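In what follows, a single structure is set out as structure tokens and then discussed.
The values are calculated or read from the model by the stated rules, or taken from the named source; none is laboratory data. These figures come from a predicted structure and were not determined experimentally. Every residue, glycine as well, gets a Cβ built from its backbone with ideal geometry; the counts of neighbours run over all protein chains shown.
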Amino acid sequence: MALRAIEERRMFSNFGPVNATFEEDMVARMFSGVGSCMTVCNATIGLMLAIQQAIGRRSTRPRYALMPSFTFAAAAQAALWCGLTPLLCEIDPVTWSACPQDEERLLALYGDDIAVVVPYATFGYDIDLMRYEAIMQRHKVPVVVDAAASLGTVSADGRGFGTGFKGTVVFSMHATKAFATGEAGVVYSNNQDRIHELRQMCNFGFGQARTATMPGLNGKLSEIGALLCQQRLNTFEETMIHRTAVMARYRAALPDLTFQPIQRGRQAHQFGVGLLPEGWGPHRSQFSAELTAAGIGNATYFSPHLAQQSYFVENAVFEDLSVTDDIAGRVISLPMFDTMTEADTDEVIAVVRQQMSAHTVSASMPAWSLPLDVTNAFRRHVAADQVH
């Protein structure tokens, strides 16, 4: 019926009525009715628009986008498309988000050459946005938050992540996210004028009727895409309850893995992401292969991190990133999906524990040469697609 209504209206894009309704519901349900948001066809386009809007028409001299190296390529690519050079900072060893001390060091070192700060809310983690409000005030630099996996994260105050933030926050609805629709994104800000301008930029920069008055591109979400978003929003609370339970099961049953700290609110989980024990970095690829052989889909977000990828080695600026190297070398993402049962989760846990135990008890020989009993292994492949 909803699809038929779109067909009868003959309006399939250009921020139509389905899209408008979804944006209103998104602000009401996810951001407590505070601020404004707009949809985009995907989060990478959202980052490009947000960064370009943030830097405005500034000097053409070399300028930087400060961001952590432990993030997806989309953030660095978006900065490059906006004419900026990614300036990669270290991460915190506990939260895996940008290290506050290294951010401050680079802000002091590069000063006005930093055009924008692009922190990453790592794996949906509730980073301190008050600190970034202070950075905007103190350093007079705009902040665009890459919150790709954060739809569903709730801060300690009970409000959705990003609520009230004066900068710009970009969320993804890619198929790998908790709020998955296939491909879409949302850009949020407490500054309604900013969202108004971004909407014009998203529509070819048309500040006047079919007349470009600012930088722009076509980043609009179709009405059918907006309908998928609306359907997802209608059932999303149940999704978050389920995913939170799966993650809690992983935490309790896999004490040898290191997870991000549990916060007072709620973290949106796209996967069960943890760190293998110290010293396991050189063995992770084989460990991952054994899980795959047992039918356990897994991935290594974000490894290699940006400073280890050939294109960014040539087109980004960075110094020593030893903490990032360590975290990226040990990270492992375990399966998580909406229909995952307790039995499914226990199958994953059993195989992971078996492989970790085999490695631990075989100090005198490669753990990977031991026989693997996969009789009861989890045979349902859950491919953790490495796409942001």
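Across the stretch 33-77, the number of residues qualifying as surrounded by fewer than 24 Cβ atoms within 10 Å (Cβ to Cβ) and assigned to a loop (DSSP other than H, G, I, E, B) comes to 14.
Only one of the listed residues (LEU107, LEU88) is buried (at least 21 other Cβ atoms within 10 Å of the Cβ) and either assigned to a loop (DSSP other than H, G, I, E, B) or touching a strand residue (DSSP E or B) at 6+ places or on another chain (Cβ under 8 Å) (or both). That residue is LEU88.
For the stretch 298-315, give me each residue that is in a loop (DSSP other than H, G, I, E, B) and either surrounded by 21 or more Cβ atoms within 10 Å (Cβ to Cβ) or in contact with a Phe, Trp or Tyr (Cβ under 9 Å, 6 or more places away or on another chain) (or both).
Going residue by residue through the stretch 298-315, those that are in a loop (DSSP other than H, G, I, E, B) are 298, 300-305, 309.
If the condition is that a residue be in a loop (DSSP other than H, G, I, E, B) and either surrounded by 21 or more Cβ atoms within 10 Å (Cβ to Cβ) or in contact with a Phe, Trp or Tyr (Cβ under 9 Å, 6 or more places away or on another chain) (or both), then ASN298, TYR301, PHE302, SER303, HIS305 are the ones that fit.
Output yes when any residue across the stretch 218-228 is of a type outside the set (A, V, I, L, M, F, W, C), within 24 Å of ALA78 (Cβ to Cβ), out of contact with any Phe, Trp or Tyr (no Cβ under 6 Å at 6 or more places or on another chain) and assigned to a helix (DSSP H, G or I), and no when none is. Yes, the stretch 218-228 contains a residue that is of a type outside the set (A, V, I, L, M, F, W, C), within 24 Å of ALA78 (Cβ to Cβ), out of contact with any Phe, Trp or Tyr (no Cβ under 6 Å at 6 or more places or on another chain) and assigned to a helix (DSSP H, G or I).
Going by the structure shown, is ASN234 surrounded by fewer than 18 Cβ atoms within 10 Å (Cβ to Cβ) and touching a strand residue (DSSP E or B) at 6+ places or on another chain (Cβ under 8 Å)? Criteria not met by ASN234. Counting only residues that are within 22 Å of LYS140 (Cβ to Cβ), without any contact (Cβ under 8 Å) to a residue 60 or more places away in the chain and not aliphatic (A, V, I, L, M), the stretch 90-108 holds 6 of them. The set of residues from the stretch 39-97 being over 17 Å from the mean Cα position of the chain (by Cα) and of a type in the set (S, T, N, Q) comprises GLN52, GLN53, SER59, THR60, THR85. Based on what the data block shows, is VAL313 under 27 Å from LEU80 (Cα atoms) and in contact (Cβ under 8 Å) with a residue 60 or more places away in the chain? Here the answer is no, as VAL313 does not meet what is asked. Exactly one residue out of GLY295, GLY272, GLY281 is closer than 16 Å to ALA149 by Cα and not assigned by TED's automatic domain parsing to the domain that holds TRP96: that is GLY272. Of all the residues in the stretch 316-365, those that are closer than 21 Å to ALA289 by Cβ, in contact with a strand residue (DSSP E or B) (Cβ under 8 Å, 6 or more places away or on another chain) and not in a loop (DSSP other than H, G, I, E, B) number 8. All of (1) buried (at least 23 other Cβ atoms within 10 Å of the Cβ); (2) outside any loop (DSSP other than H, G, I, E, B) hold for LEU80 with one exception: (1).
Which residues, taken from the stretch 114-128, are crowded, with 18+ Cβ neighbours inside 10 Å and touching a Pro at 6+ places or on another chain (Cβ under 9 Å)?
If we filter the stretch 114-128 for residues that are crowded, with 18+ Cβ neighbours inside 10 Å, which is where we start, we get 114-127.
Listed by number, the residues that qualify are ALA115, VAL116, VAL117, VAL118, PRO119, TYR120, THR122, TYR125, ILE127.
LEU109 meets the stated requirement of being over 19 Å from the mean Cα position of the chain (by Cα) and at pLDDT 95 or above.
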